[in-house]
Amino acid sequence: MNLLDVTDLTVRSGDTPLVREVSFSLRAGERLGIIGESGSGKSVTSLAITGLLSRGLTASGSVRLDGHEVVGAAEKSLRPLRGPVAQIVFQEPLTALDPLMRVGRQVAEPLRRHLALRGDALRAAVTAAFAEVALEDPRLARAFPHELSGGQRQRVAIALALAARPRLLIADEPTTALDVTVQDGVLSLLERLVAERGMALLFISHDLAVVSRMTERIVVLRGGSVVEEGPVERVLRAPRHPYTSALVASARALDSALDAGGAS
Ligand SMILES: Nc1ncnc2c1ncn2[C@@H]1O[C@H](COP(=O)(O)OP(=O)(O)OP(=O)(O)O)[C@@H](O)[C@H]1O
Ligand SMILES: [Mg+2]
């Protein structure tokens with residue numbers, strides 16, 4: 001059984017389709033990328049997968065997450081899936097963090113709830129969770145979100161998402177808001193954690209270079225529809241859709257411009 005099966009997923013705002021008949025699957029431990037330009041429906045798709053679509057948006061078709069149907073499911077039946085089954089890391093870490101709570105307490109909450117840790121065991125698990133995302137300084141756990149840098153905040157958001165040991169991590173442009181040097185550290189961190197835990201990864205980005213680094217297979221979204229899907233290596237070598245060819249060509253052009261400038 002696949003960990004995730006998305007079949008003919010359509011999301012509408014009123015009568016307007018934002019995502020049209022999107023289908024793809026993800027096996028346990030697999031890393032799949034979704035690439036597409038701004039507004040192509042990447043975030044709407046990821047929110048539909050976890051049943052987090054905002055009011056006013058309606059989904060049809062099917063999303064089966066670990067065998068459970070998400071489309072049309074009651075909020076109460078989705079709650080047990082968020083955490084142990086699937087978690088999202090968003091582009092802007094502040095969306096995931098409570099501004100009024102110290103970050104250590106925020107990471108403690110899912111550890112308490114999902115792993116039933118208490119007292120010293122809970123404190124040790126919080127320290128380990130911070131160390132795992134390379135936040136070693138114990139003072140950081142006592143900070144409020146606004147007292148951290150963007151990169152540190154995204155590391156906390158990742159620790160928070162991983163606390164319940166999800167089998168699927170959905171990363172929706174997790175590094176887009178960070179500057180390039182910090183970006184690389186966060187991507188390496190995600191790569192390591194996904195490998196160590198054998199998690200499945202759904203990695204969403206508008207950046208072909210980043211998606212091909214992080215994933216084995218990619219889905220190309222355009223205007224809410226899937227225009228191409230295949231192994232990263234094949235898509236880069238022989239894109240089938242003109243839009244994908246254009247993406248590959250512009251990534252290549254950027255690459256050679258960097259080479260010519262001696263920037264790499
Ligand atoms: N809550 C909403 N109500 C109405 N329209 C929405 C809503 N959320 C998103 N949309 C629209 O759906 C389309 C897809 O948006 P989405 O956020 O999925 O794009 P995206 O591919 O994630 O883009 P980006 O790369 O900029 O994050 C856009 O046209 C957007 O304006
Ligand atoms: Mg988005």
With the structure loaded, tell me whether L135 is assigned to a loop (DSSP other than H, G, I, E, B), farther than 29 Å from V235 by Cβ and at pLDDT below 95 or whether it fails that test.
yes
Would you please list the contacts, defined by Cβ atoms under 8 Å and residues six or more apart or on different chains, that run from a residue in segment 230-248 that is touching a residue at least 24 places away in the same chain (Cβ under 8 Å) to a residue that is aliphatic (A, V, I, L, M) and not in a helix (DSSP H, G or I)?
V232/I218; T244/V220; T244/V227; L247/I35; L247/V220
Would you confirm whether or not segment 90-102 contains a residue that is within 17 Å of the chain's Cα centre (by Cα), more than 16 Å from ligand 2 (Cβ to nearest atom) and not β-branched (V, I, T)?
yes
Of the residues in segment 6-33, those that are out of contact with any Gly (no Cβ under 9 Å at 6 or more places or on another chain), in contact (Cβ under 8 Å) with a residue 24 or more places away in the chain and of a type outside the set (K, R) come to F24, L26, E30, L32, G33
Scanning for something hydroxyl-bearing (S, T, Y), without any contact (Cβ under 8 Å) to a residue 60 or more places away in the chain, over 20 Å from L162 (Cβ atoms) and within 16 Å of ligand 1 (Cβ to nearest atom), does segment 36-46 turn up at least one residue?
no
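Can you name every residue in segment 237-250 that is part of a helix (DSSP H, G or I) and either at pLDDT 95 or above or surrounded by fewer than 16 Cβ atoms within 10 Å (Cβ to Cβ) (or both)? Don't jump to the end; show me each part of the working.
Initial filter on segment 237-250 (part of a helix (DSSP H, G or I)): 237, 242-250.
The answer is R237, P242, Y243, T244, S245, A246, A249, S250.
Yes/no per residue for (1) surrounded by 22 or more Cβ atoms within 10 Å (Cβ to Cβ); (2) not small (G, A, S):
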{"residue": "D179", "(1), (2)": "no, yes"}
{"residue": "G185", "(1), (2)": "no, no"}
{"residue": "R197", "(1), (2)": "no, yes"}
{"residue": "F203", "(1), (2)": "yes, yes"}
{"residue": "D207", "(1), (2)": "no, yes"}
{"residue": "V219", "(1), (2)": "yes, yes"}
{"residue": "G230", "(1), (2)": "no, no"}
Criterion first (without any contact (Cβ under 8 Å) to a residue 40 or more places away in the chain, surrounded by 15 or more Cβ atoms within 10 Å (Cβ to Cβ) and not in a loop (DSSP other than H, G, I, E, B)) does A125 satisfy it?
yes
For I218, indicate whether it is of a type in the set (A, V, I, L, M) and under 21 Å from V107 (Cα atoms).
no
Any chance segment 224-233 includes a residue that's modelled with pLDDT of 95 or more, touching a Gly at 6+ places or on another chain (Cβ under 6 Å) and of a type outside the set (A, V, I, L, M, F, W, C)?
yes
Is it the case that E75 is at negative phi, at pLDDT below 95, within 16 Å of ligand 2 (Cβ to nearest atom) and among the acidic types (D, E)?
no
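Could you tell me whether L140 is of a type in the set (A, V, I, L, M) and part of a loop (DSSP other than H, G, I, E, B)? Give the steps one after another, and end with the answer.
Details: of a type in the set (A, V, I, L, M): yes; part of a loop (DSSP other than H, G, I, E, B): no.
No: the conditions fail for L140.
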Among (1) at pLDDT 95 or above; (2) farther than 17 Å from L32 by Cβ, A177 falls short only on (1)
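The values are calculated or read from the model by the stated rules, or taken from the named source; none is laboratory data. Worth saying up front: this structure is predicted, and the values here are computed from it rather than measured. When we count neighbours, we look across all protein chains shown, and the Cβ atoms used for this are built from the backbone with ideal geometry, even at glycine.
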